[in-house]
Each structure stands twice: as structure tokens, then as C-alpha cells.
Amino acid sequence: MNKLGIEQFKKEICIGDQLSVSTREHKYNGAVTAILDNYLEVDEDGLTFQIKFAHIWAYTRG
């Protein structure tokens with residue numbers, strides 16, 4: 001995700017939103033627990049993952 005994409009993402013997504021996030025390596029499904037400068041945290045079934053914005057290829061809400 002480039003800088004413009006990150007800005008748009010931060011405007012659309014809030015803590016507590018349910019997301020499906022795809023990177024090159026994995027797909028994550030869970031609730032957003034934190035949105036920081038360079039990454040977000042997603043809680044997936046009790047495990048918290050830190051996902052760097054630069055690694056995100058696609059995401060969907062819900």
C-alpha cells in the first residue's frame with residue numbers, strides 16, 4: 001500500500017472494525033485493535049497480528 005492508500009485506509013477503518021486483510025504471505029480475518037503510523041493490529045481468534053501497511057495488498061470490511 002502506498003502513502004495515499006495508507007491515508008485513505010486510516011480514514012475508512014476504525015478500531016473495532018472487522019477486516020479481512022491480504023498480504024503476499026497470509027490472509028488475516030479479525031477485529032482491528034490498533035492503527036499506528038506504519039502498521040495496524042488485528043485480533044484473530046485471540047492472537048494479535050501486527051500488519052505493516054506496506055505489505056497490505058487488499059482488504060475488505062465486514
- All but one of (1) at pLDDT 90 or above; (2) over 9 Å from the mean Cα position of the chain (by Cα); (3) surrounded by 12 or more Cβ atoms within 10 Å (Cβ to Cβ) hold for MET1, so report the exception by its number. (1)
- Flagged in the range 12-24 as open to solvent by 90 Å² or more (accessible area, probe 1.4 Å) and within 19 Å of ASN2 (Cβ to Cβ), in numbering order, are ARG24
- Query: Among the residues of the range 1-20, which ones are assigned to a loop (DSSP other than H, G, I, E, B) and acidic (Asp, Glu)?
  - Reply: ASP17
- Query: Of the residues in the range 37-54, how many are surrounded by fewer than 14 Cβ atoms within 10 Å (Cβ to Cβ), within 10 Å of the chain's Cα centre (by Cα) and closer than 18 Å to LEU4 by Cβ?
  - Reply: 1
- Message: Could you check the range 21-56 and list, in sequence order, the residues that are in a strand (DSSP E or B), within 15 Å of LYS10 (Cα to Cα) and not polar (S, T, N, Q)?
- Response: VAL21, ALA31, VAL32, ALA34, ILE35, TYR39, LEU40, GLU41, VAL42, ILE51, LYS52, ILE56
- Message: Going by what's in this entry, would THR60 be described as touching an Asp or Glu at 6+ places or on another chain (Cβ under 6 Å) and not aromatic (Phe, Trp, Tyr)?
- Response: no
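Applying the selection to the range 45-62, what residues are without any contact (Cβ under 8 Å) to a residue 24 or more places away in the chain and hydrophobic (A, V, I, L, M, F, W, C)? It would help to see each step written out before you state the result.
Quick first cut of the range 45-62, residues without any contact (Cβ under 8 Å) to a residue 24 or more places away in the chain only: 45-50, 52.
If the condition is that a residue be without any contact (Cβ under 8 Å) to a residue 24 or more places away in the chain and hydrophobic (A, V, I, L, M, F, W, C), then LEU47, PHE49 are the ones that fit.
The values are calculated or read from the model by the stated rules, or taken from the named source; none is laboratory data. Here the structure is a predicted model, which means the values were calculated and not measured. Heads up, the Cβs are rebuilt from the backbone with ideal geometry, glycines too, and the neighbour counts pull from every protein chain shown. These area figures cover heavy atoms from the full protein model, side chains too; ligands, DNA and RNA do not enter into them. Shrake-Rupley method; radii C 1.70, N 1.55, O 1.52, S 1.80 Å.
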